[in-house]
Every structure is written in C-alpha cells, then in structure tokens.
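Engineer: Got a structure here, written out as structure tokens. Questions coming.
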Amino acid sequence: NSIYRRKIEDEVERICDISALQPADAANLIYNDNVDILINLNGYTKGARNEIFSLQPAPIQVSYMGFCGTMGANYIQYLVSDHVVIPPTARPHYTENILYMPHSYF
C-alpha cells in the first residue's frame with residue numbers, strides 16, 4: 001500500500017476493488033454507482049480490462065496515461081494528451097476527442 005494509494009483513499013468518497021469481478025458485473029457496479037467519468041489508464045497494455053469500457057457503464061469515458069495511442073473505439077470519447085505526443089497534424093488518425101494539456105499530459 002503506497003503513500004499515493006493511502007492519499008487517494010483518504011480523499012475520495014469511495015474505493016471499490018473490481019479486480020475479481022467479471023466485466024459485466026464490474027460494468028453494472030460502475031453504472032449503479034452513477035460514475036460520471038470513467039478513466040482508462042491501461043489502453044491496450046497488460047492488465048487492461050477494455051471489455052468493461054466496451055459496455056459503456058459511464059456516460060463519459062476517457063483514455064489517459066498508460067496508452068497514448070488511439071483506442072479506435074467508439075466507447076472512448078476523450079483522450080488526454082499534449083501537442084508533443086499528438087501533434088495537430090496527427091489528429092485525423094484518432095477517433096477520440098483530444099483534450100490537450102498545456103505543457104505535458106503527465
């Protein structure tokens with residue numbers, strides 16, 4: 001349990017470990033908890049659970065940090081990036097709306 005995890009636990013309303021849940025069960029829990037914005041930190045990397053996102057349990061779904069390429073999926077509406085990682089000329093190759101951070105997306 002890192003100091004960062006403890007800090008997050010202290011500052012949020014609720015944390016729910018969904019790691020053992022089946023995708024549909026996790027999606028139902030997210031939906032029933034009225035999560036407004038669901039953030040995907042894995043993209044297509046190891047441990048990703050994109051099948052949960054594909055069920056669209058939250059009205060806004062965002063890709064951030066772990067995978068800076070397009071998800072190419074209609075169930076991810078936004079991708080957080082910067083102008084170095086995704087220059088404006090590359091924008092047409094992304095299915096997501098790009099949320100550009102002013103300096104760095106980290």
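The values are calculated or read from the model by the stated rules, or taken from the named source; none is laboratory data. Values in this document were obtained by computation on a predicted structure and should not be read as measured data. Positions of Cβ are generated from backbone atoms using ideal geometry, with glycine treated the same way; all protein chains shown enter the neighbour counts. For accessibility, only protein heavy atoms count, side chains too; no ligands or nucleic acids. Shrake-Rupley method; radii C 1.70, N 1.55, O 1.52, S 1.80 Å.
Engineer: Using the Cα centre of segment 22-97 as origin and beta-carbon charges of +1 (Lys, Arg) and -1 (Asp, Glu), tell me which of Ala58, Ile76, Pro87 is placed farthest towards the positive end of the dipole.
Structural biologist: Checking the options against the dipole of segment 22-97, the answer is Pro87.
Engineer: Ordered by residue, what ³J(HN,Hα) values in Hz, to whole numbers, does segment 51-58 give under the Karplus form 6.51 cos²θ - 1.76 cosθ + 1.60, where θ = phi - 60° and Gly and Pro are x?
Structural biologist: Taking θ as phi minus 60°, the curve returns 4, 5, 5, 5, 7, 6, x, 10 Hz for segment 51-58.
Engineer: Which of the peptides 42-52, 88-98, 69-79 is most tightly packed, and how do the rest follow, going by the mean number of other Cβ atoms within 10 Å of each residue?
Structural biologist: 69-79, 42-52, 88-98
Engineer: Let me know the Rg and Dmax you get for the chain when you use only its Cα atoms, in Å.
Structural biologist: My reading of the Cα-based Rg and Dmax gives 14.8, 42 Å.
Engineer: May I pose another question? State in Å² the accessible area per residue of the chain; use a 1.4 Å probe, count heavy atoms of protein chains only, and round to the nearest integer.
Structural biologist: 68
Engineer: Against the longest principal axis of the chain, how steep is helix 23-32, in degrees 0 to 90 to the nearest 10, with axes from Cα atoms?
Structural biologist: 80
Engineer: Ok, one more. Determine the share of the chain's accessible area contributed by carbon and sulfur atoms, expressed in whole percent, with a 1.4 angstrom probe.
Structural biologist: Roughly 56 percent of what the probe reaches on the chain is carbon or sulfur.
Engineer: Suppose every Lys and Arg Cβ carries +1 and every Asp and Glu Cβ carries -1, with no other charges. What dipole size does the chain come out with about its Cα centre, to the nearest 20 debye? Spell out each step's value before the answer.
Structural biologist: Details: 7 positive and 11 negative charges, 69 e Å.
For this selection, approximately 320 debye.
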